[in-house]
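One structure is given here, and the rest of the page talks about it.
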Amino acid sequence: MSFTFNELRHSCKDNWRVYLHHDFVRRLGDGTLAPEAFRHYLKQDYLFLIQFGRAFALAAYKSPTLADLRHAKAGLDAIIDLELGLHIDYCTQWNISEQELNELPEARATLAYTRYVLDTGNRGDLLDLHVALAPCLVGYAELARWLTEQPGTVRGESNPYEAWIAMYESAEFQAAARAEIAWLNERLADVPPSRFKQLCRIFDDATRLEIDFWDMGLEQRM
């Protein structure tokens, strides 16, 4: 029996829908999200990205083949050399300095999600780690596409969050998400049902932690 990422996503379809269609996401789309909530999210997302950089470094360590090692390096380079730099520049536009970012404490939702991913990768193998990472990379690409299809989404200068939406609907980010799905499909095709069930649990756990991250931003929790 051969499994795919679509089946993995379908295994937690209810939580996946809550994650993608969260009020935080909807309010980003229609421009009604409170600026204070977005600033809180941006700060925590900076800390989140640092830990995800560590996760891709762990993926490199866990890589059994040169192809896997190159895939992990590409992810690490994208976060450390590209996405973090863009994030710092974007935070500056919201009057958040790099010094402030470096002095931030991690919110509980940030700690819970990032450490779950690292713990999953440490305890398991490379596939476990990628499945734990997938709701972030693949999910952000999917929710950006979903937002562009919604009639209530406001585009252009009328929406203060236009740049955020544009970043995740960009060709580069969408291509990275497709590459991750292709990597997952290749590995999932060979797992037995009992192993797939374990991976579904990891994916669902990570998706629920993504929901908590939106809640943290919306309610400005620490």
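Of all residues in the stretch 154-179, count the ones that are of a type in the set (Asp, Glu) and under 15 Å from residue 74 (Cβ atoms). Residues in the stretch 154-179 being of a type in the set (Asp, Glu) and under 15 Å from residue 74 (Cβ atoms): 1 in total.
Condition check ((1) modelled with pLDDT of 90 or more; (2) surrounded by 18 or more Cβ atoms within 10 Å (Cβ to Cβ); (3) under 21 Å from residue 83 (Cβ atoms); (4) aromatic (Phe, Trp, Tyr)) across all residues:
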position: 150; (1), (2), (3), (4): yes, no, no, no
position: 158; (1), (2), (3), (4): yes, no, no, no
position: 161; (1), (2), (3), (4): yes, yes, yes, yes
position: 172; (1), (2), (3), (4): no, no, yes, no
position: 176; (1), (2), (3), (4): no, yes, yes, no
position: 182; (1), (2), (3), (4): yes, no, yes, no
position: 185; (1), (2), (3), (4): yes, no, no, no
position: 193; (1), (2), (3), (4): yes, no, no, no
position: 210; (1), (2), (3), (4): yes, yes, yes, no
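Taking (1) touching a Ser or Thr at 6+ places or on another chain (Cβ under 9 Å); (2) farther than 20 Å from residue 117 by Cα; (3) surrounded by fewer than 17 Cβ atoms within 10 Å (Cβ to Cβ) in turn, residue 219 satisfies each apart from (1). Residues that are closer than 20 Å to residue 5 by Cβ, over 20 Å from the mean Cα position of the chain (by Cα) and part of a helix (DSSP H, G or I) occur in the stretch 178-186; there is at least one.
Among residues of the stretch 190-202 that are over 22 Å from residue 136 (Cβ atoms), those with a beta-carbon under 7 Å from a residue that is modelled with pLDDT under 95 at least six positions away or on a different chain give the pairs 193/1.
The values are calculated or read from the model by the stated rules, or taken from the named source; none is laboratory data. Small disclaimer: the values here were computed from a predicted structure and weren't measured. Cβ atoms come from the backbone with ideal geometry, glycine included; neighbour counts cover every protein chain shown.
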